[in-house]
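Below is one structure, written out as structure tokens, with a few remarks after it.
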Amino acid sequence: MKIYPLSKPLLLLIALACTCMLAVGLYLQLQLEMLPCPLCILQRYAFAAVALIALLTVVLPARLTRIGAALTSVAALCGAGVAIRHLWVKAHPSVSCGIDPLETSLNEILTARWFPSLFQADGLCTTEYEPILGLSIPSWALLWFIVFAALSALIALSRQSRA
């Protein structure tokens, strides 16, 4: 499959979509007062990582595109893993990731101190919020992480066209 000519625009689109996901998270937090839990914050870090790796791949030489796309896919799969864990915690309300070592350690990271609105965990993972178009927030995150992982994996596995 030869999708190589579209690789960089597609990676740019992935980075833009991840940035939009972070903006939606901030909107839900600041406007709708949905406090992010530690697993939400880990998903935000994953969206930020996917965006940064995709953007770096766009500016790197073309011969490194497949490697950057593979790293983008790995970051998205890590985010998907966190989203799956979040869904599992929500399905088992007796398990909590609230005020525990995970929250404490996440809130001590430098980015949480510099950008507390974006990276500080204040909520509980088991808090139920109104679904958005029928899906919970971690379900939407999982869906998007799968899309980003699949698209970047396609780029990583594609053959390069000869110039």
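Limited to region 74-97, what total is found for residues that are more than 11 Å from the chain's Cα centre (by Cα) and either acidic (Asp, Glu) or closer than 13 Å to Trp144 by Cα (or both)?
1
In the set Ile41, Ile67, which member is loosely packed, with under 15 Cβ neighbours inside 10 Å, touching a residue at least 12 places away in the same chain (Cβ under 8 Å) and part of a helix (DSSP H, G or I)?
Selected residue: Ile67, the only one of Ile41, Ile67 that is loosely packed, with under 15 Cβ neighbours inside 10 Å, touching a residue at least 12 places away in the same chain (Cβ under 8 Å) and part of a helix (DSSP H, G or I).
One residue is enough: does region 3-19 have a residue meeting the conditions out of contact with any strand residue (DSSP E or B) (no Cβ under 7 Å at 6 or more places or on another chain), assigned to a helix (DSSP H, G or I) and under 19 Å from Lys90 (Cβ atoms)?
Start the filter on region 3-19 by keeping residues that are out of contact with any strand residue (DSSP E or B) (no Cβ under 7 Å at 6 or more places or on another chain), which leaves 3-19.
Remaining after also requiring assigned to a helix (DSSP H, G or I): 4-19.
Applying the additional criterion that residues be under 19 Å from Lys90 (Cβ atoms) yields none.
Scanning region 3-19, I find no residue that is out of contact with any strand residue (DSSP E or B) (no Cβ under 7 Å at 6 or more places or on another chain), assigned to a helix (DSSP H, G or I) and under 19 Å from Lys90 (Cβ atoms), so the answer is no.
Would you mention how many residues in region 20-38 are outside any helix (DSSP H, G or I) and in contact with a helix residue (DSSP H, G or I) (Cβ under 9 Å, 6 or more places away or on another chain)? Break it down into steps so the answer makes sense when it comes.
Start the filter on region 20-38 by keeping residues that are outside any helix (DSSP H, G or I), which leaves 31-37.
From what is left, the residues that are in contact with a helix residue (DSSP H, G or I) (Cβ under 9 Å, 6 or more places away or on another chain) are 34-37.
The qualifying residues number 4.
Could you check region 118-135 and list, in sequence order, the residues that are modelled with pLDDT under 75 and closer than 15 Å to Ala48 by Cα?
As a first pass, look at region 118-135 and keep what is modelled with pLDDT under 75: 118, 120-127.
Within region 118-135, Leu118, Gln120 meet the criteria.
Looking at (1) aromatic (Phe, Trp, Tyr); (2) surrounded by fewer than 16 Cβ atoms within 10 Å (Cβ to Cβ); (3) at pLDDT 80 or above, can you tell me which one Phe115 breaks?
So the condition that Phe115 fails would be (3).
Just name the residue that is farthest from the chain's Cα centre (by Cα) out of those in region 20-31 that are farther than 16 Å from Asp122 by Cβ and surrounded by 14 or more Cβ atoms within 10 Å (Cβ to Cβ).
This residue is Val24.
Tally the residues that are within 17 Å of Val82 (Cα to Cα) and not in a helix (DSSP H, G or I), restricting the search to region 110-127.
Residues meeting the conditions: 7.
With small (Gly, Ala, Ser) and at pLDDT below 80 as the only criterion, which of Ser139, Ser96, Ser73 stands out? Full working, then the answer.
On the way: Ser139 fails: at pLDDT below 80; Ser73 fails: at pLDDT below 80.
Answer to the selection: Ser96.
Would you pick out the residues in region 128-143 that are in a loop (DSSP other than H, G, I, E, B) and surrounded by fewer than 14 Cβ atoms within 10 Å (Cβ to Cβ)? Show your work before the answer.
Residues of region 128-143 that are in a loop (DSSP other than H, G, I, E, B), as a first pass: 128-131, 133-134, 136.
Passing the criteria: Glu128, Tyr129, Glu130, Pro131, Leu133, Gly134.
The values are calculated or read from the model by the stated rules, or taken from the named source; none is laboratory data. Just so it is clear, the structure is predicted and the values come from calculations on it, not from any experiment. Glycine also receives a Cβ, built like all others from the backbone with ideal geometry; neighbour counts cover every protein chain displayed.
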